[in-house]
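> Please read through the structure below; I'll follow up with questions.
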Amino acid sequence: MATIGVAIPIAEPYGSELQKYRAEFGDPMASSIPTHVTLLPPTVVDEADLALIDDHLREVAARFPSFRIRLRGTATFRPISPVVFVPLAEGISSCEVLQSQVRSGPLQVELRFPYHPHVTLAHDLDKESLDRAYDALSEYDCAFDVDAFSRYEHGADGVWRPQRSFPLAG
């Protein structure tokens, strides 16, 4: 069995910048999780199905056009979940459609929460650290073009690593 996820990697220099902030806020997962917008949350699959899954993801990417994401400000899921994140100000609908296509066929899974594209800054930290993350990036603003998404695998060491990229070609 393998635990996979599918996500849009955040373009550089923004991905490294946001990962550095996450580490500064004290999030122990900062070095284990590349900065991303989730399309498929952690999902356990049979390793024998990875080729079929990659075929599915390749077909989705071949039909989907590139699009722009703008990240702006901060938001939180508190009190439901102790998370501070950078929300999307542009690209929300494209992410919503793309994630629904990714989560079809061999990757049809139910979500625990409604889909809400975002970039996590701090997760499961004390109130002060979450408040600091919320305040520190309240004026954050960046934009980049999305031309691919990636399949990640969760390693035995707890680190998420990209395994394959799927260029958007629609």
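The values are calculated or read from the model by the stated rules, or taken from the named source; none is laboratory data. Remember, it's a predicted structure, so these values are computed and weren't measured experimentally. Neighbour counts run over all protein chains shown; Cβ positions are idealised from the backbone, glycine included. Note: accessible area is taken over every heavy atom of the protein model, side chains too, but ligands, DNA and RNA are not part of it. Shrake-Rupley method; radii C 1.70, N 1.55, O 1.52, S 1.80 Å.
> Determine if segment 43-63 includes at least one residue that is over 20 Å from LEU111 (Cα atoms) and among the polar types (S, T, N, Q). First the steps, then the outcome.
First, pick out the residues of segment 43-63 that are over 20 Å from LEU111 (Cα atoms): 47-52, 54-55, 58-59, 61-63.
Now drop any that are not among the polar types (S, T, N, Q), which leaves none.
Looking through segment 43-63, none of the residues is over 20 Å from LEU111 (Cα atoms) and among the polar types (S, T, N, Q).
> Scan segment 51-70 and tell me whether some residue there is out of contact with any helix residue (DSSP H, G or I) (no Cβ under 8 Å at 6 or more places or on another chain), surrounded by 20 or more Cβ atoms within 10 Å (Cβ to Cβ) and not β-branched (Val, Ile, Thr).
Yes; the residues of segment 51-70 include at least one that is out of contact with any helix residue (DSSP H, G or I) (no Cβ under 8 Å at 6 or more places or on another chain), surrounded by 20 or more Cβ atoms within 10 Å (Cβ to Cβ) and not β-branched (Val, Ile, Thr).
> Filter segment 120-162 down to residues that are under 30 Å from PRO79 (Cβ atoms) and among the polar types (S, T, N, Q) and give me whichever is least open to solvent (accessible area, probe 1.4 Å).
It comes out as SER129.
> Would you confirm, using the coordinates I've provided, whether ILE10 is open to solvent by less than 20 Å² (accessible area, probe 1.4 Å) and either out of contact with any Lys or Arg (no Cβ under 7 Å at 6 or more places or on another chain) or at positive phi (or both)?
It is true that ILE10 is open to solvent by less than 20 Å² (accessible area, probe 1.4 Å) and either out of contact with any Lys or Arg (no Cβ under 7 Å at 6 or more places or on another chain) or at positive phi (or both).
> Inside segment 1-101, counting only strands (runs of 3 or more DSSP E) that do not spill past its ends, which hold 2 or more residues that are closer than 20 Å to TRP160 by Cα?
Output list reads 2-9, 36-45, 83-90.
> Please state which one of PHE25, PHE77, PHE85 is in contact with a strand residue (DSSP E or B) (Cβ under 8 Å, 6 or more places away or on another chain), within 23 Å of CYS142 (Cα to Cα) and open to solvent by 30 Å² or more (accessible area, probe 1.4 Å).
Working: PHE25 fails: open to solvent by 30 Å² or more (accessible area, probe 1.4 Å); PHE85 fails: open to solvent by 30 Å² or more (accessible area, probe 1.4 Å).
Residue meeting the stated conditions: PHE77.
> Follow-up. State yes or no: is SER129 within 22 Å of LEU71 (Cα to Cα) and in a loop (DSSP other than H, G, I, E, B)?
Values: within 22 Å of LEU71 (Cα to Cα): yes; in a loop (DSSP other than H, G, I, E, B): no.
So SER129 does not fit the description; no.
> Identify the single condition in (1) more than 8 Å from the chain's Cα centre (by Cα); (2) at pLDDT 95 or above; (3) open to solvent by less than 70 Å² (accessible area, probe 1.4 Å) that ALA30 does not satisfy, given that it satisfies every other one.
Going through the list (1) more than 8 Å from the chain's Cα centre (by Cα); (2) at pLDDT 95 or above; (3) open to solvent by less than 70 Å² (accessible area, probe 1.4 Å), ALA30 breaks only (2).
Here is a yes/no grid of residues against (1) of a type in the set (S, T, N, Q); (2) over 26 Å from VAL44 (Cα atoms):
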position: SER104; (1), (2): yes, no
position: GLN108; (1), (2): yes, no
position: PRO114; (1), (2): no, no
position: LEU121; (1), (2): no, no
position: ASP124; (1), (2): no, no
position: LEU130; (1), (2): no, yes
position: TYR134; (1), (2): no, yes
position: GLU139; (1), (2): no, yes
position: ASP145; (1), (2): no, yes
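> For segment 137-160, enumerate the residues that are more than 13 Å from the chain's Cα centre (by Cα) and closer than 21 Å to GLU90 by Cα.
Result: LEU137, SER138, GLU139, TYR140, ASP141, CYS142, ALA143, PHE144, ASP145, ASP147.
> From the list GLY170, GLY91, which one is in contact with a Phe, Trp or Tyr (Cβ under 6 Å, 6 or more places away or on another chain), open to solvent by 40 Å² or more (accessible area, probe 1.4 Å) and either touching a residue at least 60 places away in the same chain (Cβ under 8 Å) or more than 19 Å from THR3 (Cβ to Cβ) (or both)?
Unique residue meeting the criteria: GLY170.
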